[in-house]
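A short write-up of the structure that comes next.
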Amino acid sequence: METFDPTELPELLKLYYRRLFPYSQYYRWLNYGGVIKNYFQHREFSFTLKDDIYIRYQSFNNQSDLEKEMQKMNPYKIDIGAVYSHRPNQHNTVKLGAFQAQEKELVFDIDMTDYDDVRRCCSSADICPKCWTLMTMAIRIIDRALKEDFGFKHRLWVYSGRRGVHCWVCDESVRKLSSAVRSGIVEYLSLVKGGQDVKKKVHLSEKIHPFIRKSINIIKKYFEEYALVNQDILENKESWDKILALVPETIHDELQQSFQKSHNSLQRWEHLKKVASKCQNNIKNDKYGPWLEWEIMLQYCFPRLDINVSKGINHLLKSPFSVHPKTGRISVPIDLQKVDQFDPFTVPTISFICRELDAISTNEEEKEENEAESDVKHRTRDYKKTSLAPYVKVFEHFLENLDKSQKGELLKKSDTHMCDYWMNNDSELGKPG
Amino acid sequence: MEFSGRKWKTLRLAGDQRNASYPHCLQFYLQPPCENISLIEFENLAIDRVKLLKSVENLGVSYMKGTEQYQSKLESELRKLKFSYRENLEDEYEPRRRDHISHFILRLAYCQSEELRRWFIQQEMDLLRFRFSILPKDKIQDFLKDSQLQFEAISDEEKTLRDQEIIASSPSLSGLKLGFESIYKIPFADALDLFRGRKVYLEDGFAYVPLKDIVAIILNEFRAKLSKALAVGVQWHDLGSLQPLPPRFKRFSYLSLLSCWDYRCTPPHPGLLWYPGSLQSLVTLDFPVPGGINSEDCETAKVVACSFLWELRPRKLTARSLPAVQSDERLQPLLNHLSHSYTGQDYSTQGNVGKISLDQIDSLSTKSFPPCMRQLHKALRENHHLRHGGRMQYGLFLKGIGLTLEQALQFWKQEFIKGKMDPDKFDKGYSYNIRHSFGKEGKRTDYTPFSCLKIILSNPPSQGDYHGCPFRHSDPELLKQKLQSYKISPGGISQILDLVKGTHYQVACQKYFEMIHNVDDCGFSLNHPNQFFCESQRILNGGKDIKKEPIQPETPQPKPSVQKTKDASSALASLNSSLEMDMEGLEDYFSEDS
């Protein structure tokens, strides 16, 4: 993989925004089939430029408007905000207070830094294949609940470009949810609670809610390889002391002894399970309950969500297909069918795909010198020649499902508003950029 | 929503009719009242309601909600203040009417800020929960119907399919079989309070709610309605000040109104809920209804009228946009005071700005900071960084004790730079937030420091966070170590830990205060970190208060005369003074109480 040099970023971005960024799919997404008038026009975008210059409240009339501005500004980072009551770029002309965020996708941000107390391989912004499994489990657990428990249909998972993943839930009803319901959903999905001053962060009650039971079932598939082999959470005294802090003191001595005798985390975990189950039989109704083993698994593996990102309707989140300015990696959609195979280290960097494009275009120029192809046609196909293509495909698959739901919506509306819809749409298409 | 004519035409009803207007001991407050009441009654109702809500709050802190003690104390409180509470009592018209009107008066007072709305909604919800809990089973369906809430139970077949899941999800259900318990299938968003704590089974977007838990759905609906009504008032203010006053608005002077205060609207959109006792001085006022006229807007327009009346803080008004100003002067101080009264004061800064120098902070943090702030200060000094939640909680506290914007910028910058942060990066990334919290950016809201309630209830700390309440958000073991490091005696520590165990976090903090200041009884009830600081300074500076006293609401009236007269003919002359008088009574009430 091509190494990425941040000093080249300005040049690379020019090429990326001119020839590779999947504008038409991107617009198709945020326009949501034109079901609601001015939905795209009232959407906030914000750009981060060189030297952390941050421009909020950008908004665009249509796809070509967006393209032009992006090619002009070449933003280091693009964030997507809410759909407002007015055009965000005119927010200053509206009376204070009248300019209100009205709708947005429900978003989740899962960040590896929040797992620092249970990762032994890296810390803060670093990630490695040993800890990435945390993200895999997070995606599986959260996605299952969003789909089966809440009945959300359109979920787009995106690699953030560095150390985490984002999820965009795009169902029409979800985009209208109040911030109270949004925080409620995050609470439902949160189990690990407490800051620096709390050691034991997961407490299960006697009744195990189906959401927790199903989440544990997912973790079980990964736990042995991830926690006991790769993370080796019971490797030495220092590491197992952290786990002993999560179990009742009455069994500390017994566990210390058996841990000393064992050779690896796998054996020690077996001991722990045995001793824990014994202690459960002895102390009925003890606060630690019958679920000690699960509590440890959950504390070490269960997803940690940042509630503040999900709660606020006006909260900005990094856009899919934006570039991470530090790593150069593209924020690409993740294929849920292959989430176990997703490897953040094979996600293309901007330098890599630009190089790919260069190589191909020099070839093609020689071959197709005579063929006159318009620049536009060229551009719409360019990304297909690079390693970005499979990720755009994932995105398109997501869009197709979205389209199906929107068709239903449109049909519903069409009974009464057929004429309105077509008139609006025509005028939009006809508008010069 | 339907408007039956009777509600609007009739004033006081008699006999059966009276009972028909309030069929239940609890209400959803769908319709604003529309009868004449005197200013005196207005005040009394308002004060009684605040007293009631204050008791609801205090009981909720002192007892587990729903326990026998809590229920019986709350019932006796309701009886004392003559509000309705039980369904089967005879002639409940008056208590129910009081309940109805006083609720709407407090909407006026508590719609103005996020924090006030939150407090008001919380107490009203607890009250409704209590009343619902003592509602006889056979009346529940009636009440739901009258409140336009109807749910349908799922079939036995559907029930058997999910019975294990539903039992495992609902803490209120015990046993292995569902049996005859009815289960309702409700869109998940309406079951917010149930699903967010995972207290209900969710499947494909629906919550499966047992009858026992249906109160949560009702409360959710109540909250949604109430917060919408309160928010509309505020939004409408913004809208109103945008537009020039429509020609139908007539200005009038309150001086001509004597002790009654009058708006009346002409059909088709009735504009105001109160119109006054004496009909000789009515003033006609058409209310513009935002967004056109339909029945629902009519309702909001009436609520809007509340905020309209109440929105008279001088800085926001132009005489042109608010015809109600003058008449408001009679109500504004009362309403303003009512809303200020719920926790005493908000500890915003005016008055003590600039009385602290930056090098004092280290020593103050050990002497006069509450543990939550002490811990944040320590974490900041050690890590040279705090995450957002910590910066908000600590930053606003510092602002509250008197740091100026310039000092705050300097303070945070110095510390962050020590953590190897690029000064430029600080200026770009963080100074905006600090300026924002001082009301210099964005919406220009001057943020007030967080109260204990807010710290304890909202935004709990997660990995890497140091904010929150140490009594609420620490493991007992770690709390113990922390208190030891603060040199609290072992006896004291166990007292504190007992309080924490009983979830009396604020009382625990108060105990801590008494111990570090060596006083037996601190003589106040703690509900704000900045209060902790002020009281501590008061003690340390030998009873001499160097900090600003609680801010009084601006009252344009002259100092009150102490005598209160109810003579109608002199009502005008004594109006202001009687108001002030009552406010003094209120002040007594709250100072003894909080």
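State all residues of segment B:135-149 that are closer than 13 Å to B:S182 by Cβ and either hydrophobic (A, V, I, L, M, F, W, C) or touching a helix residue (DSSP H, G or I) at 6+ places or on another chain (Cβ under 7 Å) (or both); if no residue qualifies, say none.
Initial filter on segment B:135-149 (closer than 13 Å to B:S182 by Cβ): B:137, B:140-141, B:144.
Hits for segment B:135-149 are B:I140, B:L144.
Any idea which of B:A216, B:A191, B:A207 is part of a helix (DSSP H, G or I), under 23 Å from A:K176 (Cβ atoms), at pLDDT 90 or above and touching a strand residue (DSSP E or B) at 6+ places or on another chain (Cβ under 8 Å)? Give the steps one after another, and end with the answer.
Numbers: B:A216 fails: at pLDDT 90 or above; B:A207 fails: part of a helix (DSSP H, G or I).
The match here is B:A191.
For segment B:199-220, how many residues meet the condition of being of a type in the set (D, E, K, R), within 13 Å of another protein chain (Cβ to nearest Cβ) and under 26 Å from the mean Cα position of the chain (by Cα)?
Qualifying residue count for the region: 1.
For segment B:480-532, enumerate the residues that are closer than 22 Å to B:Y466 by Cβ and part of a loop (DSSP other than H, G, I, E, B).
B:Y486, B:K487, B:I488, B:T503, B:L526, B:N527, B:H528, listed by residue number.
Which of the residues that make up segment A:195-238 are in a loop (DSSP other than H, G, I, E, B), at the interface with chain B (Cβ under 7 Å from one of its Cβ atoms) and either of a type in the set (G, A, S) or touching a strand residue (DSSP E or B) at 6+ places or on another chain (Cβ under 7 Å) (or both)?
Residue satisfying the conditions is A:G195 alone.
Looking at segment A:54-68, is at least one residue aliphatic (A, V, I, L, M), more than 14 Å from chain B (Cβ to nearest Cβ) and touching a helix residue (DSSP H, G or I) at 6+ places or on another chain (Cβ under 9 Å)?
As a first pass, look at segment A:54-68 and keep what is aliphatic (A, V, I, L, M): A:55, A:66.
Still in the running and more than 14 Å from chain B (Cβ to nearest Cβ): A:66.
Then drop every residue that is not touching a helix residue (DSSP H, G or I) at 6+ places or on another chain (Cβ under 9 Å), which leaves A:66.
Yes: segment A:54-68 contains one or more residues that are aliphatic (A, V, I, L, M), more than 14 Å from chain B (Cβ to nearest Cβ) and touching a helix residue (DSSP H, G or I) at 6+ places or on another chain (Cβ under 9 Å).
Looking at segment B:411-433, I want the residues that are away from chain A (no Cβ under 13 Å) and closer than 12 Å to B:L386 by Cβ and have a partner that is surrounded by 13 or more Cβ atoms within 10 Å (Cβ to Cβ) and of a type in the set (D, E, K, R) with Cβ atoms under 8 Å, at least 6 apart or on another chain. Which pairs are those?
If the second residue must be surrounded by 13 or more Cβ atoms within 10 Å (Cβ to Cβ) and of a type in the set (D, E, K, R), the pairs left are B:W412/B:R391; B:E415/B:R381.
Taking A:L246, is it outside any helix (DSSP H, G or I), in contact with a Phe, Trp or Tyr (Cβ under 6 Å, 6 or more places away or on another chain), farther than 30 Å from A:D335 by Cα and more than 10 Å from chain B (Cβ to nearest Cβ)? It would help to see each step written out before you state the result.
Working: outside any helix (DSSP H, G or I): yes; in contact with a Phe, Trp or Tyr (Cβ under 6 Å, 6 or more places away or on another chain): no; farther than 30 Å from A:D335 by Cα: yes; more than 10 Å from chain B (Cβ to nearest Cβ): yes.
It is false that A:L246 is outside any helix (DSSP H, G or I), in contact with a Phe, Trp or Tyr (Cβ under 6 Å, 6 or more places away or on another chain), farther than 30 Å from A:D335 by Cα and more than 10 Å from chain B (Cβ to nearest Cβ).
Please return the ranges of strands (runs of 3 or more DSSP E) entirely within segment A:31-119 where 2 or more residues are closer than 30 Å to A:S239 by Cα. Steps first, answer last, please.
Working: elements: A:43-49, A:53-58, A:77-84, A:101-103, A:106-111.
In segment A:31-119, the matching strands (runs of 3 or more DSSP E) lie at A:106-111.
Could you go through segment A:188-198 and let me know if any residue there is within 19 Å of the chain's Cα centre (by Cα), under 27 Å from B:G389 (Cα atoms) and surrounded by fewer than 20 Cβ atoms within 10 Å (Cβ to Cβ).
Yes, because at least one residue in segment A:188-198 is within 19 Å of the chain's Cα centre (by Cα), under 27 Å from B:G389 (Cα atoms) and surrounded by fewer than 20 Cβ atoms within 10 Å (Cβ to Cβ).
Does segment B:410-417 contain at least one residue that is buried (at least 18 other Cβ atoms within 10 Å of the Cβ), at pLDDT 90 or above and in contact with a Phe, Trp or Tyr (Cβ under 8 Å, 6 or more places away or on another chain)?
Within segment B:410-417 (the criterion being buried (at least 18 other Cβ atoms within 10 Å of the Cβ), at pLDDT 90 or above and in contact with a Phe, Trp or Tyr (Cβ under 8 Å, 6 or more places away or on another chain)), the answer is yes, since at least one residue qualifies.
Does A:G151 satisfy the condition of being in contact with an Asp or Glu (Cβ under 7 Å, 6 or more places away or on another chain), under 30 Å from A:G328 (Cβ atoms) and of a type in the set (G, A, S)? I'd like the intermediate steps shown before the answer.
Details: in contact with an Asp or Glu (Cβ under 7 Å, 6 or more places away or on another chain): yes; under 30 Å from A:G328 (Cβ atoms): no; of a type in the set (G, A, S): yes.
So A:G151 does not fit the description; no.
Inspect segment A:168-189 for any residue being within 19 Å of A:R304 (Cβ to Cβ), away from chain B (no Cβ under 14 Å) and touching an Asp or Glu at 6+ places or on another chain (Cβ under 9 Å) and give the result as yes or no. Quick ask: steps written out before the conclusion?
Filtering segment A:168-189 for residues within 19 Å of A:R304 (Cβ to Cβ) gives A:168-169, A:182-189.
Subset that is away from chain B (no Cβ under 14 Å): A:168.
Subsequent filtering for residues that are touching an Asp or Glu at 6+ places or on another chain (Cβ under 9 Å) retains A:168.
Checked against the condition, which is being within 19 Å of A:R304 (Cβ to Cβ), away from chain B (no Cβ under 14 Å) and touching an Asp or Glu at 6+ places or on another chain (Cβ under 9 Å), segment A:168-189 yields at least one hit.
Sort through B:F471, B:F438, B:F513 and tell me the only one that's modelled with pLDDT of 90 or more, surrounded by 14 or more Cβ atoms within 10 Å (Cβ to Cβ) and either polar (S, T, N, Q) or within 28 Å of A:I307 (Cβ to Cβ) (or both).
Criteria check complete, one pass: B:F471.
Do you know which of the residues in segment A:167-187 that are small (G, A, S) and outside any loop (DSSP other than H, G, I, E, B) is surrounded by the most Cβ atoms within 10 Å (Cβ to Cβ)?
Within segment A:167-187, the subset small (G, A, S) is A:173, A:178-180, A:183-184.
Adding the requirement that they be outside any loop (DSSP other than H, G, I, E, B) leaves A:173, A:179-180, A:183-184.
Values: A:S173: 12, A:S179: 15, A:A180: 16, A:S183: 20, A:G184: 22.
Among residues in segment A:167-187 that are small (G, A, S) and outside any loop (DSSP other than H, G, I, E, B), the one surrounded by the most Cβ atoms within 10 Å (Cβ to Cβ) is A:G184.
Could you tell me which of the residues A:G161, A:G151 is part of a loop (DSSP other than H, G, I, E, B), under 23 Å from the mean Cα position of the chain (by Cα) and away from chain B (no Cβ under 13 Å)? Even if it seems obvious, please write down each step before you answer.
Details: A:G151 fails: away from chain B (no Cβ under 13 Å).
Only one candidate passes the filter, namely A:G161.
The values are calculated or read from the model by the stated rules, or taken from the named source; none is laboratory data. Source: prediction; values computed, not measured. Backbone-built Cβ (ideal geometry, glycine too); neighbour counts: all protein chains shown.
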